[in-house]
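The structure appears below as structure tokens.
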Amino acid sequence: MPRAFIGNKECQVTVDRDLGESWAVSVVPPPPSKGEAPLAPLVVKLQGEDVAKITQGALEILQKAGQIDRFELDAPPPSPA
């Protein structure tokens, strides 16, 4: 499962089919600690068929916009020998 980070906070990344070939990639911050303000989820909508590329593209957009600091994607499955 991909992960995104805002500062040192690990955020859940969800990918949901919207309409047709549209996908909504959401970065959902964890609940705030006591005394912290809650952070709103970040959502990017993209079109395409390859979910892995959609996820990577959305996270790159958020990182370039300065809304997340970094992200980690799932490791690709090992190729057969």
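We did not get these values from a lab; they are worked out from the coordinates using the rules stated. On a predicted model such as this, the values are computed, not experimentally measured, just so you know. Neighbour counts are summed over all protein chains in view; Cβ atoms, including those assigned to glycine, are modelled from backbone coordinates with ideal geometry.
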> How high is the relative contact order of the chain, in percent, with contacts defined as C-alpha pairs under 8 Å that are six or more residues apart?
Replying inline: 32
> If each residue's Cβ is checked for other Cβ atoms within 10 Å, how do THR14, THR55 rank with the fewest at the top?
Replying inline: THR14, THR55
> What share of all Cα pairs of the chain, in percent, falls into each consecutive 5 Å distance bin?
Replying inline: 3, 15, 25, 21, 16, 10, 6, 3, 1, 0, 0
> In deg cm²/dmol and to the nearest 500, what is the mean residue ellipticity at 222 nm of the chain if only DSSP H runs of at least 4 residues count, each as -39500 (n - 2.57), divided by the residue total?
Replying inline: -5500 deg cm²/dmol
> Taking LYS45 as the anchor, which lysines have their alpha carbon closer than 24 Å to its alpha carbon, excluding any fewer than eight residues away along the same chain?
Replying inline: LYS9, LYS53, LYS64
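So if I place +1 on the C-beta of Lys and Arg and -1 on the C-beta of Asp and Glu, and nothing else carries charge, what would the dipole magnitude of the chain be about its Cα centre? I want it in debye, nearest 20.
Numbers: 8 positive and 11 negative charges, 52 e Å.
It works out to roughly 240 debye.
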